[in-house]
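Below is one structure; the comments refer to it alone.
Values quoted throughout were computed directly from the atomic coordinates according to the rules given, and no laboratory measurement underlies them. Keep in mind it's a predicted model, so treat the numbers as computed, not measured. Ideal geometry is used to build each Cβ from the backbone, glycine not excepted, and the neighbour counts take in all protein chains shown.
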Amino acid sequence: MTKKSAFLVFSVLVLAAGCSSSSSPGSTDATDGGGTTGTKNICPLINQTDVQALVVPTITGVTNVDGIVCQFADSGEGIKVEHYDDDAAKTAYNNLHLDGGGGSGTDHPLQGVGDEAYWNEALDGKAPPELIAHKGNITCVIQSPDVPDTTCKTTDDGSGIPAFADSDAQAYVQLMAKVCNDIFSVDN
């Protein structure tokens, strides 16, 4: 989750008198604390056209930050695609589950990407979706950039906070699934 999303979600949760958080596995280290690592630089092998479909600004390059994060840079926030190639225990895969975690986010199973996948929003309808997929020993994590950098369609619900209709989030998740399937096809 980006800093803007985290602040937005935190603010909404505080206003609603409830607070919870989810953490993203491995943002700057080569492990996620559970021994899961990324050891291959597959960033240049990911189809940049598929990643571009997720962000409004033009992608200008990609950097392998730490063996886990592929940072696709643009003039805005950019987008991080996380790749864990040693996640047989599914530590990274299970790290972003929201159901039962005390928050309002709901995990939604997703077919057609990897062996198993789910997507969720940190705050249902108020945060852009994230996708978590697993195939073999590999886990792929993609968190949407915030508005206005995301291509995920938003609506105005009158609160001043962008809203994400379930159907729009699902359409965006299908675009994310292409990127994870790219990763699964080049890291085998």
Distant-in-sequence amide H partners of residue 157 (H built 1.01 Å from N, under 5 Å): 163
Once label points are set 7 Å from the Cα along Cα→Cβ at both residue 64 and residue 40, what is their separation, rounded to one decimal in nm? 1.0 nm
Just grab the label-to-label distance for residue 186 and residue 75, each label 7 Å out from Cα along the Cβ direction, in nm (one decimal). 2.5 nm
Modelling each spin label as a point 7 Å along the Cα-to-Cβ direction, I'd like the residue 89/residue 124 distance in nm, to one decimal. 3.2 nm
Decide, for the range 100-188, between rounded, prolate and oblate: order the square roots of the alpha carbon gyration tensor eigenvalues as a ≥ b ≥ c, take rounded if a/c falls under 1.5, and otherwise choose prolate if a/b is larger than b/c, else oblate. prolate
Counting sequence-distant residues (5 or more places) and residues on other chains, those with an amide H built under 5 Å from that of residue 56 are 150, 151
Gain in length, residue 48 to residue 154, computed as 0.36 nm per residue apart minus the alpha-carbon separation, to one decimal in nm? 35.8 nm
